[in-house]
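Below is one structure, written out as structure tokens; comments come after it.
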Amino acid sequence: MNGSLPSVKPEAASSIAKFRGRQGPFILMFAETLESVRSQPSKRALYVRAIVAALAAIFALKIYWFVRWGFWHDQQVPDFAAFHLVAQRVWLGDLDLTYRFAVFMKMQASQSGGATGFMPWTYPPQFDLLLAPLAFLPTWAAYALFTGATLAAYLMTLRKLAGEHFAQVLVILFPAIAITIGCGQNGFLTGALIGLVCAHADRRQVLAGLALGAMVIKPHLAVAIGLYLLVTRQWVTIAVAAGVVLVSSLACTLAFGPQIWLAWLGAIKESAGFLEQGLYPLFRMISGYAALYNFGVPAGGAFWGQVTIAGLALATVVLGVVRGMPPSFTLGVAAVVSVMISPYAYDYDLPITGVGLALLLPDLPKVASPRERSIMYTLLMLAGAYGLLQSTSLASGFDERFKPAIAGAALMVLLTMLLQTMWRNALPAPSVELGAPARALE
């Protein structure tokens, strides 16, 4: 398998110049401006410090907000409030009731003082077990510990993968990171776990398997990475991951009783009904299903549209392996498309795409034109920024029925571009042009 992608040959310089001349100056400059961030170590360090400081300020302000007003202020309920409530129910011995939506809604309402927000609970019991220790902390302290620890783990993993591209990844992912801090969700945890799988998939398969097995907390986000490992026959990683799932499932059965699995399956069934009826905030979702449904496609059509999108996403991963694309590039594609498999994916799941972007950036200029890269960067930023906008009090005043799922549409376009890029660069090309180089496997 070839370990690198071909660069544009010197004889293509005139074609490149003509290509640049035909493009709008702004769209060309956008990619080049973002990529120039890594031109000097001092410049990279400046951007990293500025972005990390901004994220730390958002984190600190959120903690202050929760200390000052609590989690149930002004009818708005952050997702972490449900996390902490579930942790408490673990010790009260009635965890299975959290999987009954009507009952869990009453639990949240009893603590909210009239807040209208509600978060259904469909996480596997392994995530309940992980949250259980947080019940012994005040809610704001539990939020600070969970979000702070997972954010730090995510940023360290991302830095290891991105190297000199770290600052650029942070710029593009800033909106998605900010929205995840705001709601206290587990996007940093899943992003760090997928990042560990990608970082150690080739040489430290046991560690990669442990991280992949831990993704049982959100298994639908690990499908694409799992397929990559299966196609590349990394049996040790797969075996270790399966062992983690089995052992953790046994631990949950011993801790919560076998009835917890029936409760969980019932919640999944009920959740599917909610999704079919459009009762979730689809405008915050990033799936093709949400985009199609909110654009007026009936639930059945949106479901088959999602199946098609998931199939294309997985085909993109297989194509990269079969055609001999560099492993890091194909892994990057697998990480990016991980959020496109399930109809149930939100903007706070987007940190995983940062892992994929970190792996793609070293070779992306060799296989995509400045125009294409600009569009890809814009789509990723838009997916996160739209969710950030929708979380503001200004946007929340509009009727949710008239809010399109822009992020889902953006990722559909991104998938099309990734599939086109993988197909084009895995096949022989009659001439070498920017954005259409020769095949990766010589």
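The values are calculated or read from the model by the stated rules, or taken from the named source; none is laboratory data. Quick caveat: nothing in here was measured; it's all calculated off a predicted structure. No Cβ is skipped: glycine too gets one built from the backbone with ideal geometry, and neighbour counts run over all protein chains shown. These accessible areas exclude ligands, DNA and RNA; they are computed on the full protein's heavy atoms, side chains included. Shrake-Rupley method; radii C 1.70, N 1.55, O 1.52, S 1.80 Å.
(1) touching a Phe, Trp or Tyr at 6+ places or on another chain (Cβ under 9 Å); (2) more than 20 Å from Ala53 (Cα to Cα): which one isn't true of Ala152, the others all being true?
The single condition Ala152 does not satisfy is (2).
What number of residues within region 281-309 satisfy the criterion of being surrounded by fewer than 23 Cβ atoms within 10 Å (Cβ to Cβ) and without any contact (Cβ under 8 Å) to a residue 40 or more places away in the chain?
Residues meeting the conditions: 10.
So which residues in region 265-279 are of a type in the set (S, T, N, Q) and either surrounded by 14 or more Cβ atoms within 10 Å (Cβ to Cβ) or modelled with pLDDT of 90 or more (or both)?
Scanning region 265-279 gives a single hit, Ser271.
Collect the residues in region 228-264 that are closer than 21 Å to Thr353 by Cα and surrounded by 19 or more Cβ atoms within 10 Å (Cβ to Cβ), keeping them in residue-number order.
Scanning region 228-264 gives Tyr228, Leu229.
Suppose we filter region 37-52 for residues that are within 15 Å of Phe174 (Cα to Cα) and open to solvent by less than 50 Å² (accessible area, probe 1.4 Å); how many remain?
3
Scan region 78-99 for residues that are out of contact with any helix residue (DSSP H, G or I) (no Cβ under 7 Å at 6 or more places or on another chain) and among the charged types (D, E, K, R) and jot them down.
Asp94
Does Gly163 fit the bill of being among the small types (Gly, Ala, Ser), in contact with a Gly (Cβ under 9 Å, 6 or more places away or on another chain) and more than 15 Å from Phe59 (Cα to Cα)?
no
How many residues are part of a helix (DSSP H, G or I) and over 30 Å from Ser391 (Cα atoms) if we restrict to region 177-224?
Of the residues in region 177-224, 13 are part of a helix (DSSP H, G or I) and over 30 Å from Ser391 (Cα atoms).
Could you tell me which of the residues Leu34, Leu61, Leu55 is under 27 Å from the mean Cα position of the chain (by Cα), surrounded by fewer than 14 Cβ atoms within 10 Å (Cβ to Cβ), modelled with pLDDT of 75 or more and in a helix (DSSP H, G or I)?
Result of the check over Leu34, Leu61, Leu55: Leu61.
Exactly one condition in (1) out of contact with any Phe, Trp or Tyr (no Cβ under 7 Å at 6 or more places or on another chain); (2) within 26 Å of Ser36 (Cα to Cα); (3) surrounded by fewer than 21 Cβ atoms within 10 Å (Cβ to Cβ) is not met by Cys198; state its number.
Looking at each condition in turn, Cys198 falls short on (3).
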